[in-house]
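In what follows, a structure is listed as structure tokens, so that the remarks can point back to it.
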Amino acid sequence: MSDPELLGHIAFFEAAFPKYELLANDTICEDNKVVIRGRFKGVHKGTLMGIPPTQKSIEVPFSIIYQIADGKINKSWTFLDRMELMDQLVVNPANN
């Protein structure tokens, strides 16, 4: 892997949700891109954007696009439903 931004995303989520799981629902490959649509599952055990650990289990939809060059991921785009994540952590002021 040669995408430093992806490495940062992984470290960010691993700190908040240690040993999280990515469950793929769909995988699409075309030319030099791979798209995965699935679910992100984990337990909130570390600080996330200033939110202290809640110990709550979460499962939110995500999509990621990997661009491949020379057999490595050289760029990626990650999409995660942050509103759903905040709702599940019960930190969304609209739900309080």
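What follows is calculated from the coordinates using simple rules that are stated; it is not laboratory data. The structure displayed is predicted, hence computed values, not measured ones. Cβ coordinates were reconstructed from backbone atoms using ideal geometry, including for glycine residues, and neighbour counts include every protein chain displayed.
Within the straight-line cut-off of under 13 Å between alpha carbons, the aspartates and glutamates reachable from Lys56 are Asp87, sequence neighbours fewer than 8 places apart in one chain being disregarded. Calculated mean residue ellipticity, 222 nm, the chain: -6500 deg cm²/dmol, from DSSP H runs (n ≥ 4) at -39500 (n - 2.57) each, averaged per residue and rounded to 500. With an a/c value of 1.5 or above and a/b not larger than b/c for the gyration tensor axes a ≥ b ≥ c computed over the alpha-carbon atoms, the range 1-50 is described as oblate.
Return the lysines within reach of Lys75: Cα separation strictly under 22 angstrom, same-chain partners fewer than 8 residues apart disregarded; answer none if there are no such residues. Cα-Cα hits under 22 Å: Lys33. Against the chain, whose longest principal axis comes from its Cα atoms, helix 4-16 is set at around 30 degrees.
Rounded to the nearest 0.05, what FRET efficiency is calculated for Thr27 and Ser57 with R0 set to 25 Å and r the Cβ-Cβ distance?
About 0.50, to the nearest 0.05.
Calculated translational diffusion coefficient of the range 4-91 (4 °C, 1.567 mPa s; Stokes-Einstein with Kirkwood radius over alpha-carbon pairs) equals 94 µm²/s.
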